[in-house]
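Quick notes on the structure that follows.
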Amino acid sequence: MTADVPAAGKAARISRRSPLTGRTVATVVVVAILIFLVLGPLLMLVISTFRDSGGALPFSPSASWTLGNYAEVFLAPKTYRLLLTTFIFSFGALAFSFTVSTLLAWLIERTNLPFRNALFVLIVASIGIPTVILGIAWEMILNPVNGLINLFLRDLFGLTGQGPLNVFTLPGMIFVQGISLVPITYLLVSAAFRGIDVSLEDAAAASGAGFGKVMRRVTLPLVTPALLSAFVYQFVSVVESFDIPLIIGLRGGIPVLSTQIYIAARPPGGLPDYGLASTYSILLLAIAVVPLLIYNRVVSRSERYATITGRGYHPRRIDLRAWKIPAMLFGAAFVIVSFFLPALVLFWASTQPFYAIPSPEAFARMNFNAYGELFANKTFQKAIVNTLLLGFAVGTITLILGTLVGWVLVRTRSRARFLLDLLSFLPHAMPGVILGLSVLLIYLLLDPVLPVPIYGTLWIIVIAMSTQYVSLSVRLMSAGIIQVKLELEEAAEASGASWFGTIRRILFPLIRPAFINGFLLVFLQAIKNLTLALILISPGGVVLSTLIYQFWDKATTDQTGALGIVILTFTVVLSIFLRRANIRGGTAVA
Amino acid sequence: MIRVDNLFKTYSGSTVPAVDGVSFTVEQGGFYTLLGPSGCGKTTILRCIAGLERLDSGTIQLGETIVVSDRVFIPTNRRDIGMVFQSYAVWPHMTVFENVAFPLRVGKATLKKANLDEKVLGALELVGLKGFESRMATQLSGGQQQRLSVARALVREPDVLLLDEPLSNLDAKLRERMRRELLLIQRRVGITTLFVTHDQVEALSMSDRIAVMNGGRIIQEGTPREIYHAPANEFVAGFIGSTNLMEGRVGARAEGGLSTVDTPAGVLSANVGDIAPGESVMVAIRPEDVIVHRGDRHAQAPLPGQNVLTGSIEIGLFTGVSVEYHIHVEGQIIQARVSSRIDLQRGDATMVELPAEAIHVFRIGGPRAPLSATEYDAEPIA
């Protein structure tokens, strides 16, 4: 019984203060990795704002210390115009997406709208549409020269010249960005509706309040905290958004902060000005981080609303009566605008040798040659391999890291928890453009001393994306680990299992569903991500998201359409694989 | 054998010690219970013994091995223990067999397959789960899961068995049966057992010895009979079983080693031990020790130490096994638990007899039961 336990006299000499257990080692390792991944780039970013590179690299010997970048950014009226545009764009897109999402959520959750389940599935499936593809499709639909709707309208009203509609305007950007924000906004808002304890509304009705009064006095106050936190959360998403401002905004000569950073770091002609780009980044970072700090406070406060339980949710649905038809038309219109029309236009473009409005002659020209060409294209094949490699690498690294960090956060009382919490939250607050720029800077510096090249390879994108999605995976895995009762792990330890044995044989099998789901989610995000890929990719390198951007930039519409359809099919199917329950979890997807 | 010596533990962020200098010894093969209200530190002690919690200072010895001291800390997985958790902690992704085999598989010494099968089946037979090996653990009922976790704790034949409120998640009927089964298994295996509970019935019915805890300290230690019939202070009297408590003042010495005690209900004679006349005291008597007579006139003159008082019935609560009468005596309520054959109505005049040998007298200022203890103990002891 006591064979392998040391006897009292010669007891194991393990210091009681700091025994080197598996959990200690794991904590130290994840803290070190996160510091390197998160703080390293940030530090580079801050340093380079004070470096006058004059076209050289910020850390080259010829660069000097300066405050010139700050002067250039903060003293120029251009910056304030840029800020104004950014805010109009952001709040416009938010107003659009929250109006549409709240209406949709209310219709689907609380009324007897016909086909509401199908509508729900279609809204959620459109999470799988990469924003870059949505932007390209809407450019094809609404550009002033040969946008399909413009051609159609001109034909209808006998107009000539360009227009009448133009997507390359601020309203155009707001519209497309608004559409792209709806699925996530919808999930956040409908979660708020679902969270209401309906008996509270019943109690108000039983106290004599009519429908309007119940809504105003009970329902709205109850969902306000959740709506507010959703708003802040989405504000950050839109401020840092890049794809639509790049595709629609830059074409129309309407820069916002995120695209301004990109232009400074990757100018179409001339040398990159990393100092200036970094300084713009500090400005954007401030705009993104402040609301997130408020957001965290709002979220922690809203947890105090004990009524938001989600228990006993059996709402009596409100009968829409005569409003049924308009409501259905509204739902259908949204699904068409967000999903079917873009997909159809891409498909149409892919079948046409040159872009034209549907007509008998155009139908006669339809063919699928573009797909054959695409699959035979060596660059496309390389992009597929690279993209899959990227997705797998990012998914694996992020989820393993997320599991370990989540474990330390949930299971230990380690003093490192505060640090880990902060470090894993920061990348979420860091706009993609800034993260990309910072990672670029650090590997420019480190590359000469690294044994293997990172800069200019696929791996720099892997590292940047792993950093970006570590927040998401920590949140997902923490939630997964909390579900596993601590006693299950303690029982394993009390049965003689080591720390690693407990993790491997007890914890991991129990959180495997969350792990796989998280992996798919990160995989999907990595494939859709254009921002980091575009900033970090080397001239010879290619992934699917940058490839479609190149096709579109060179105006090869049939190839753009074909590749768009291929990517769309892949990402939408993948997003349907994501377990519904977790998608409904909502906040995780971002 | 378990020896705990001078254990101290304060959780970070708290100023009150969770465990405040606790020492006790569990004899080889003994069934020892830590009993107390929630937050008294009993679970912390158990977790320290298991190594799931660090102590601030103190020594813990399991069998021949010192597992915690100033210089030593042996992690949980290298302690020779078996532990049963409150929530069973049965692993849902494994079968019954795999659950029980786990401690053998993660151990240092690798067993031969036949040997492992034999041990697992032996443990399952011991707890009456033979034939369930290939079921998934989650397909078992609550009571079966509990037995599974006992089998898992015993399968590697550890030195000590640690039980952390193992019965509290079961329903009342099942809990009663599991008490019997668990004790039978412990007696059959003869394993040194430490049991943690807030349930006095479990503690009284199963233990060889009980340590009653409050505020991180052991305030009385003894056999179940000692604890119940000779509570050392007001807390134990109030926490274990239900008790009538009255303030009083010790008066003159009376015959037969008794003294008079002045209480609001009247002058009683009782054994006050070494408490001097004039001291303020608490007087305790258990409801089942109170004798109730119908009518307002005692048949014969009361004997010394019989303590007969006059009162009237405030209310009677019929529970089947017994009736609990709340009796008005001089503005005090005295509870009495008597045979359910005795049928009295509200307002009936009664004679209440408080036998001197059943009265316990404590100095005021000793440990007290928490306010909720009386409510909590209102659960019938029978």
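The values are calculated or read from the model by the stated rules, or taken from the named source; none is laboratory data. Please read these numbers as outputs of a predicted model, since none were measured by experiment. All Cβ positions, glycine included, derive from the backbone under ideal geometry; neighbour counts span all protein chains shown.
Looking only at the stretch A:556-578, count every residue that is assigned to a helix (DSSP H, G or I) and without any contact (Cβ under 8 Å) to a residue 60 or more places away in the chain and tell me the total.
3
Can you pull out the residues in the stretch B:1-17 that are assigned to a loop (DSSP other than H, G, I, E, B), among the aliphatic types (A, V, I, L, M) and surrounded by 14 or more Cβ atoms within 10 Å (Cβ to Cβ)?
Scanning the stretch B:1-17 gives a single hit, B:1.
Considering the stretch B:3-22 alone, what residues qualify as being more than 14 Å from residue B:60 (Cα to Cα) and of a type in the set (Val, Ile, Thr)?
Answer for the stretch B:3-22, where residues must be more than 14 Å from residue B:60 (Cα to Cα) and of a type in the set (Val, Ile, Thr): B:10, B:15, B:16.
Which residues, taken from the stretch B:18-36, are in a loop (DSSP other than H, G, I, E, B) and surrounded by 18 or more Cβ atoms within 10 Å (Cβ to Cβ)? So that I can check it myself, show each step before the final result.
Here is the first cut: in the stretch B:18-36, the ones in a loop (DSSP other than H, G, I, E, B) are B:18, B:27-30, B:36.
Result: B:18, B:30, B:36.
Assuming residue B:202 fulfils every condition listed in (1) modelled with pLDDT of 90 or more; (2) closer than 19 Å to residue B:124 by Cβ apart from one, which condition is it?
(2)
Name the residue, out of A:364, A:333, A:376, that is of a type in the set (A, V, I, L, M), loosely packed, with under 13 Cβ neighbours inside 10 Å, free of Cβ contacts under 8 Å to residues at least 60 places away in the same chain and within 22 Å of residue A:130 (Cα to Cα).
Exactly one residue qualifies, and that residue is A:333.
Filter the stretch B:37-71 for residues that are within 12 Å of chain A (Cβ to nearest Cβ) and in a loop (DSSP other than H, G, I, E, B) and give the result.
Answer for the stretch B:37-71, where residues must be within 12 Å of chain A (Cβ to nearest Cβ) and in a loop (DSSP other than H, G, I, E, B): B:51, B:52, B:53, B:54, B:55, B:56, B:63, B:64, B:69, B:70, B:71.
What pairs can you find where one residue is in the stretch A:484-500 and under 14 Å from residue B:164 (Cβ atoms), the other is among the charged types (D, E, K, R), and their Cβ atoms are less than 7 Å apart, with a gap of 6+ or different chains?
Once the first residue is under 14 Å from residue B:164 (Cβ atoms) and sits in the stretch A:484-500, its partners that are among the charged types (D, E, K, R) give A:486/A:411.
Does residue B:172 satisfy being more than 25 Å from residue A:504 (Cβ to Cβ) and either surrounded by fewer than 15 Cβ atoms within 10 Å (Cβ to Cβ) or more than 11 Å from every other protein chain (Cβ to nearest Cβ) (or both)?
Taking the combined requirement at face value, the residue satisfies it.
So, in the stretch B:254-291, how many residues would count as being among the β-branched types (Val, Ile, Thr), modelled with pLDDT of 90 or more and out of contact with any Gly (no Cβ under 9 Å at 6 or more places or on another chain)?
Adding up the residues that qualify gives 3.
Considering only residues that are in contact (Cβ under 8 Å) with a residue 12 or more places away in the chain and within 14 Å of chain B (Cβ to nearest Cβ), look in the stretch A:509-533 and name the one that is nearest to residue A:456 (Cα to Cα). Write out each step before concluding.
Here is the first cut: in the stretch A:509-533, the residues in contact (Cβ under 8 Å) with a residue 12 or more places away in the chain are A:510-511, A:513-515, A:517-533.
Subsequent filtering for residues that are within 14 Å of chain B (Cβ to nearest Cβ) retains A:510-511, A:513-515.
Numbers: A:510: 39, A:511: 36, A:513: 35, A:514: 33, A:515: 30 Å.
For the stretch A:509-533, the residue satisfying everything is A:515.
Which count do you get for residues in the stretch B:235-254 that are over 19 Å from residue B:220 (Cβ atoms) and assigned to a strand (DSSP E or B)?
So the answer is 9.
Mind listing just one residue for me: the one in the stretch B:255-271 that is over 17 Å from residue B:333 (Cβ atoms) and part of a strand (DSSP E or B) and, of those, nearest to the chain's Cα centre (by Cα)?
B:270
Helices (runs of 4 or more DSSP H) wholly in the stretch B:72-156 with at least 3 residues that are within 14 Å of chain A (Cβ to nearest Cβ) and surrounded by fewer than 23 Cβ atoms within 10 Å (Cβ to Cβ) - which ones?
Hits in the stretch B:72-156: B:96-106.
Mind listing whichever residues of the stretch B:23-58 are closer than 19 Å to residue B:235 by Cα and either of a type in the set (S, T, N, Q) or touching a Gly at 6+ places or on another chain (Cβ under 7 Å) (or both)?
B:33, B:38, B:40, B:41, B:42 - these are the residues of the stretch B:23-58 that are closer than 19 Å to residue B:235 by Cα and either of a type in the set (S, T, N, Q) or touching a Gly at 6+ places or on another chain (Cβ under 7 Å) (or both).
Working only within the stretch B:261-272, note down all residues that are among the polar types (S, T, N, Q) and surrounded by fewer than 19 Cβ atoms within 10 Å (Cβ to Cβ). It would help to see each step written out before you state the result.
Of all residues in the stretch B:261-272, those among the polar types (S, T, N, Q) come to B:263, B:269, B:271.
B:271 - this is the single residue of the stretch B:261-272 that is among the polar types (S, T, N, Q) and surrounded by fewer than 19 Cβ atoms within 10 Å (Cβ to Cβ).
When only residues in the stretch A:472-503 that are charged (D, E, K, R) and either part of a loop (DSSP other than H, G, I, E, B) or more than 10 Å from every other protein chain (Cβ to nearest Cβ) (or both) count, which is surrounded by the fewest Cβ atoms within 10 Å (Cβ to Cβ)?
Looking only at the stretch A:472-503, we keep the residues that are charged (D, E, K, R), and these are A:475, A:485, A:487, A:489-490, A:493.
After this cut, where a residue has to be either part of a loop (DSSP other than H, G, I, E, B) or more than 10 Å from every other protein chain (Cβ to nearest Cβ) (or both) as well, the list is A:475, A:485.
Working: A:475: 21, A:485: 15.
Checking each candidate, the answer is A:485.
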